[in-house]
Amino acid sequence: PCLKFSTLTFLLCIYLQSVWCTVQEVFKSQGFNELSEDALSFVLQSDQLQMDEEDILAKVTEWATVNSVVMGQTLGEVAVKVINHVRFGLLDPEKLSQIERDNQQKNFVPVPLISAAWKFHALKKVDVTDPQTRPRAGTVPRESLRVVGLTPQ
């Protein structure tokens, strides 16, 4: 019985890894911009994504840009459900500054998300229950994360 359970667990792990590998390919595909906001939100909640947060933000921006044209809405309106799953606390302070400057014109990222990221960097205090500051499998090691004691999985 234990051997069967171990084998099933092992096979399940292999299956789940292959599913996440397939998800990675979706980000690179032409069909990425056709994902629904619910589907993209679901994927972005995963700690298993093999992507760095800067790359995730770039893809979410691309997705929102395409969909804002198609739907005739602003970037902020299109991305309202999706942008909350980008982990801004994992970005370097320099990148956060750039996002803040860009956001003055685009109004793409809700200000509370940027504020929370700055608070995380300022306090250097980790809340392991907060997905906004939890590294993903593909998070690139950064000095700003090392300082707060976070290292990628």
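Read-outs: derived from the displayed coordinates by stated rules, not from any lab. In this text, all values refer to a predicted model and were calculated from it rather than measured experimentally. Counting neighbours? That spans all protein chains shown, and the Cβs are built from the backbone with ideal geometry, glycine included.
Quick look at the values:
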quantity	calculated
Hits among lysines - C-alpha to C-alpha of residue 106 under 22 Å, sequence gap 8 or more where chains match	59, 81, 95
Computed label-point distance, nm, for sites residue 70 and residue 111 using a 7 Å Cα→Cβ extension	3.1 nm
Residue order, fewest to most surrounding Cβ atoms within 10 angstrom, among 52, 38	38, 52
Chain lengthening between residue 122 and residue 143 when straightened (0.36 nm per residue, less Cα-Cα)	6.2 nm
Principal axes of the range 42-153: Cα extent on each, largest first, Å	43, 27, 21
Under 16 Å from residue 125, Cα to Cα: aspartates and glutamates that are on another chain or at least 8 residues apart	92, 143
Total formal charge among the other residues, if their Cβ is under 11 angstrom from that of residue 67, Lys/Arg +1 and Asp/Glu -1	-4
Förster radius 25 Å - calculated FRET efficiency between residue 58 and residue 130 (Cβ-Cβ, nearest 0.05)	0.65
